[in-house]
Structure formats: structure tokens, C-alpha cells
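To keep things clear, I will list the structure first and then write my remarks on it.
The values are calculated or read from the model by the stated rules, or taken from the named source; none is laboratory data. Just so we're clear, the structure is a prediction, and the values are computed from it rather than from any experiment. Every residue, glycine among them, receives a Cβ derived from its backbone with ideal geometry; neighbour counts consider all protein chains shown.
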Amino acid sequence: MIVKRKVAQIGPSTLMVSIPSEWAKKHNLRKGVEVEVSVHDDRLVISTEKIDEKLVGALDVSKLRGMMLRYIVSMYKRGYDEILVEFDRPELVSEIQKAIGKEAVGYEIMEQGSRTLVIRNIAETTGDYETTLRRTFLLLNTMAKEAYEALEKHEFDTLKNVAFLEEANNRFTTTIRRTINKTMPKNATLVYYIVEQLEKIADQYKYLCMHFFNKKDENVKLGKKGLELLKATNDCFDVFSRVYYAYDQRKIVFLGEERKRIVAEAAELLENAKSKHDRVLAHYVLTIVQEVFCLVGPYLAMTL
């Protein structure tokens with residue numbers, strides 16, 4: 001885009017050119033914010049980009065046991081480019097490799113000694129997080145739909161495959177959070193919260209799928225009411241995933257009213273259902289619909 005601006009004089013030797021307002025809003029520019037101005041012969045280039053210094057850290061995993069993955073992935077989300085890892089047992093190396101391969105896209109073990117190793121990011125993933133966020137919404141909608149269809153058709157073997165989609169969700173949401181921490185786009189904290197919620201929702205669908213997959217030999221027969229509530233919950237998430245990209249007040253109101261209805265009916269099912277399987281399904285419906293509704297608050301805060 002090329003725009004023309006007249007040069008104004010604001011002092012004996014100072015000239016000024018205004019910045020297009022749309023560009024300024026997009027990059028959250030305001031009074032006092034520094035921009036980079038570079039000179040190229042007959043061109044001046046104004047940039048908001050910053051040259052990021054590498055973030056280097058250290059981590060002793062010797063006593064972390066089952067929390068090791070969370071520590072490493074948390075440092076990945078924070079934006080660390082290099083981590084010096086200390087360990088007290090050689091067998092931990094394979095566990096570290098498994099941990100970074102699961103969610104930390106771009107992390108690789110580059111140096112290794114008898115008690116230390118170095119993890120470096122060799123493929124920076126920070127960039128257009130919006131594309132990955134769209135994929136996350138689509139993936140979660142797929143999980144919801146396929147979980148419902150598998151339960152409705154009593155195809156419990158399929159549920160394990162649906163649960164595996166949660167791992168892709170983890171990779172997507174972890175990458176987005178790293179991008180936010182590295183680049184701090186507008187509304188970063190609100191988007192970060194929404195992405196955290198998307199991961200939680202995927203976790204609940206995984207737990208739902210794995211529970212009924214593990215019960216497949218018990219001749220599970222789910223009642224119509226529970227399946228209807230699950231479908232309604234899935235529909236709520238689908239509505240939010242659309243609203244996120246196209247604000248619609250009526251749909252926001254719908255989500256509030258539908259959430260109240262689903263919570264009330266699922267709570268009643270949880271209390272009165274004769275089948276333990278229907279009660280378990282009601283539990284997951286209650287949890288998921290509440291997690292979905294928790295997306296609305298931060299979304300409104302970044303939209304209104």
C-alpha cells in the first residue's frame with residue numbers, strides 16, 4: 001500500500017510526516033513508543049520490528065520426575081532459544097528427547113555430555129500465530145464431532161484415534177503461546193488465556209474418549225439425553241469458533257443462555273440417571289460446556 005503525505009515543519013529545522021492511522025492502530029503505536037527509522041538513499045523505512053536477543057536458560061531435571069515435560073514445555077512457551085539441561089541419570093536423555101518431540105516444535109538436543117545437554121531451537125516457529133489458531137479451532141471441532149458420532153454409533157474403538165488428536169492440539173497451542181511470549185502482539189494476555197482454554201477443552205474431549213474406549217467391553221449404552229447434551233455442547237464450541245472471527249451479539253447471548261440450559265439439564269442427569277455411563281457423560285458435558293463458556297469473557301474484553 002502506498003499513501004502520500006505532505007511534509008510539515010514543526011520547528012526551525014524539524015520536518016514531520018504523519019503515519020497512516022490504520023497502520024499505527026495495527027501495531028499499537030501511541031505517544032512515546034519508539035520505532036526504528038532506517039535510511040536507504042531516497043527512502044526512509046519505518047519499522048516496529050525488534051531484533052530479539054536469544055533467551056538462554058538452565059534447568060536441572062534430576063528431581064522433576066513426572067513434571068519434567070511441563071518444565072521444558074513451559075520454557076518453550078516462555079520463548080527460550082537455548083536451555084542447558086542438567087541430569088543425574090543417563091536414561092533421562094531419552095525422556096528429554098521424548099518430551100521435546102511431543103510439543104516443543106523446533107527444539108533439538110544439539111550437545112550432550114555425561115551429565116548435561118544443550119537444547120536449542122533450530123526452527124523458529126514464531127510468526128503468523130493466527131493461522132495456527134484457526135487450525136486449532138478446526139481441530140477441536142473435529143474432535144467434538146467425531147467423539148459424538150463414535151459414542152452415538154457405539155464405535156468405541158474409534159474413540160482412541162479421536163483422543164490422539166489432542167496431541168496435535170497441544171503442539172498447536174504450545175506454538176501459539178510461544179509466539180505470543182516472543183512477539184507480544186496486541187491483546188497478548190487475552191489471546192494467551194483463550195489458547196490455554198482451547199488446550200483444556202481438548203484435554204476433556206481426550207479424557208471422555210479414553211474413558212469410553214476403556215469401557216468398550218462393558219456393553220455401554222448411552223441414553224438419548226446425554227448424547228443430545230453432548231451435541232449441544234459441541235454446537236456451543238462451534239458457535240464460539242465462528243464468533244471469534246466475526247463478532248455477533250446474538251450468538252454471544254445464545255451461548256450464555258444455552259450454557260445455562262445445558263448445565264441445568266446435565267446436572268439433573270448427573271443426579272438422576274440410572275446408568276453410571278450416562279452420569280459419566282453428564283460430568284464431561286458439564287466440564288466442557290463450562291470451559292467453552294470461559295472463552296467468552298476474554299474474547300469480549302479484546303473485542304469491545
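Here are a few things to note about the model shown:
- Filter result for Ala188 (touching a residue at least 12 places away in the same chain (Cβ under 8 Å) and closer than 21 Å to Glu291 by Cα): no
- Which listed residue is under 30 Å from Glu228 (Cα atoms) and either touching a residue at least 12 places away in the same chain (Cβ under 8 Å) or surrounded by 13 or more Cβ atoms within 10 Å (Cβ to Cβ) (or both), from Thr132, Thr136: Thr136
- The listed residue being in contact with a helix residue (DSSP H, G or I) (Cβ under 6 Å, 6 or more places away or on another chain), of a type outside the set (Lys, Arg) and in the same structural domain as Lys224 (by TED's automatic domain parsing), out of Thr142, Thr158: Thr158
- Restricting attention to segment 65-76, the residues that are farther than 16 Å from Gly101 by Cβ and of a type in the set (Lys, Arg) add up to 1.
- Failed item, numbered, when Lys77 is tested on (1) in the same structural domain as Arg171 (by TED's automatic domain parsing); (2) buried (at least 17 other Cβ atoms within 10 Å of the Cβ); (3) basic (Lys, Arg): (1)
- If you go through segment 74-120 and keep only what is polar (S, T, N, Q), touching a Leu at 6+ places or on another chain (Cβ under 8 Å) and part of a loop (DSSP other than H, G, I, E, B), you end up with nothing.
- Any hit, segment 219-226, residues being in the same structural domain as Arg279 (by TED's automatic domain parsing), touching a Cys at 6+ places or on another chain (Cβ under 7 Å), in contact (Cβ under 8 Å) with a residue 40 or more places away in the chain and crowded, with 16+ Cβ neighbours inside 10 Å: no
- Test for Glu271: is it over 14 Å from Lys225 (Cβ atoms) and among the acidic types (Asp, Glu): no
- Segment 274-304 - residue that is part of a helix (DSSP H, G or I) and small (Gly, Ala, Ser) and, of those, modelled with the highest pLDDT: Ala282
- Considering residues of segment 244-272 that are of a type in the set (A, V, I, L, M, F, W, C) and closer than 21 Å to Tyr205 by Cα only, the residue surrounded by the most Cβ atoms within 10 Å (Cβ to Cβ): Ala266
- Remark: pairs (first residue in segment 21-38, farther than 14 Å from Lys186 by Cα; second residue small (Gly, Ala, Ser) and exposed (fewer than 12 other Cβ atoms within 10 Å of the Cβ); Cβ separation under 6 Å; 6+ apart in sequence or on different chains) = Glu36/Ser47.
- Those residues of segment 270-304 which are without any contact (Cβ under 8 Å) to a residue 12 or more places away in the chain, closer than 18 Å to Ile194 by Cβ and either of a type in the set (A, V, I, L, M) or in contact with a Lys or Arg (Cβ under 9 Å, 6 or more places away or on another chain) (or both), in sequence order: Leu304
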